[in-house]
Ligand SMILES: [Mn+2]
């Protein structure tokens, strides 16, 4: 059994569940290593593994998950929900877990219509297992970050007055694929000038002008594992205020990175980001979501912010991304991806963080 499967069986036994139905695509991939989509898993406490899919994917599933028993729902049951109920009946499950933060109501109604079992809604269970990364997972994240940093070095050559945000965003995606990334599309943020105060701004037809900040929040996947990095550079010479905000932002990132280690709380990590910010005129302009786990999905547990109840443990791969966003003026974000260790953390995104004036 894979580590992920073992962790899940352990959980089922601890929670007195006979089996769990997994439908979220990233979770299916994490548990079974299956790389396609539209497929589902049922794992039971005895360690039986069932793979539910349709004829488009039976061959791929057989190759990637040979240890699973394959159920082709279309011809055997007519629907996925009927397959889940049918398997539960056949296997005599009395308590079945399902992902209540993913399942739609009509699916639930069909699955439980004549149910022979009790349904137990689970929220974020597989996500919780996912937040502790294995050595192999950390290695894949490291490669994704390397690719991202190399693409950053290439895009610097293209940033100049007159080039549009859209063109730069397209080139950045191209560079990541050329450097070895998977080809799945990824919604990169690349914005300039006053638009840099938009936290999740979409690249536009706006051309880069002299004196603009160019903010790039981007990443790729490598064998499914994601990277997420932000750098903000300036075209031409920074003015005093731009330099002041940039230097404050650098300190905020350093303060959080100096704080994070095994066993700290995510809310305290947020407090650490305020060390140099509090008392300055920029306090009202920070955003409180200052980082998140990254894995097969770009936003995973833990989430760092003032209201977070999450804890940060070693072997978590996550981002550190405080930011200052001043509407009508612009914003600066620097985002690193790190892996948490016993005594601190290691920064995977090695790209330059000193102010770059192009
Ligand atoms: Mn991020």
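Worth pointing out:
- Scope region 337-349; condition away from the ligand (no atom under 14 Å from the Cβ) and touching a residue at least 24 places away in the same chain (Cβ under 8 Å); matching residues: 339, 340, 341, 342, 343, 344, 345, 347
- Some residue of region 72-81 being under 30 Å from the mean Cα position of the chain (by Cα), assigned to a loop (DSSP other than H, G, I, E, B) and under 25 Å from residue 16 (Cβ atoms): no
- Region 109-123, subset assigned to a loop (DSSP other than H, G, I, E, B) and in contact with a strand residue (DSSP E or B) (Cβ under 9 Å, 6 or more places away or on another chain), residue nearest to residue 26 (Cα to Cα): 123
- Considered as a group, the residues in region 273-303 that are within 12 Å of the ligand (Cβ to nearest atom) and in a loop (DSSP other than H, G, I, E, B) include one that is farthest from residue 216 (Cα to Cα), and that residue is 297.
- Test result for residue 50, within 14 Å of residue 93 (Cα to Cα) and touching a strand residue (DSSP E or B) at 6+ places or on another chain (Cβ under 6 Å): yes
- Members of region 147-176 that are in contact (Cβ under 8 Å) with a residue 60 or more places away in the chain and within 20 Å of the chain's Cα centre (by Cα): 147, 148, 149, 151, 152
- Failed criterion for residue 19 (all others in (1) free of Cβ contacts under 8 Å to residues at least 60 places away in the same chain; (2) over 24 Å from the mean Cα position of the chain (by Cα) hold): (1)
- Of all residues making up region 15-37, the number that are at pLDDT 95 or above and loosely packed, with under 14 Cβ neighbours inside 10 Å: 1
- Residue 242 being buried (at least 19 other Cβ atoms within 10 Å of the Cβ), at pLDDT 95 or above and over 30 Å from residue 128 (Cβ atoms): yes
- Number of the condition not met by residue 106 [criteria: (1) modelled with pLDDT of 95 or more; (2) assigned to a helix (DSSP H, G or I); (3) buried (at least 19 other Cβ atoms within 10 Å of the Cβ); (4) in the same structural domain as residue 19 (by TED's automatic domain parsing)]: (3)
- Residues that are in a strand (DSSP E or B), within 16 Å of the ligand (Cβ to nearest atom) and free of Cβ contacts under 8 Å to residues at least 60 places away in the same chain, drawn from region 304-336: 304, 312, 318
- Lone unmet requirement of (1) surrounded by fewer than 19 Cβ atoms within 10 Å (Cβ to Cβ); (2) modelled with pLDDT under 95; (3) in a helix (DSSP H, G or I) for residue 126: (1)
- Evaluation of residue 47 against (1) outside any helix (DSSP H, G or I); (2) modelled with pLDDT of 95 or more (one fails), failing number: (2)
- Only residues that are away from the ligand (no atom under 16 Å from the Cβ), part of a loop (DSSP other than H, G, I, E, B) and under 30 Å from residue 137 (Cα atoms) were counted across region 199-254, and they come to 2.
- Among residues of region 217-237 that are not assigned by TED's automatic domain parsing to the domain that holds residue 181, none has a beta-carbon under 6 Å from a residue that is at pLDDT 95 or above and surrounded by fewer than 22 Cβ atoms within 10 Å (Cβ to Cβ) at least six positions away or on a different chain.
- In the set (1) over 25 Å from residue 324 (Cβ atoms); (2) surrounded by 18 or more Cβ atoms within 10 Å (Cβ to Cβ); (3) at pLDDT below 95, residue 184 fails one condition alone, (2).
- Positions within region 309-340 being within 21 Å of residue 217 (Cβ to Cβ) and surrounded by fewer than 22 Cβ atoms within 10 Å (Cβ to Cβ), in sequence order: 325, 326, 327, 328, 329, 339
The values are calculated or read from the model by the stated rules, or taken from the named source; none is laboratory data. If you're wondering where the values come from, they're calculated on a predicted model, not measured in any experiment. Here Cβ is always computed from backbone atoms with ideal geometry, including for glycine, and neighbour counts include all displayed protein chains.
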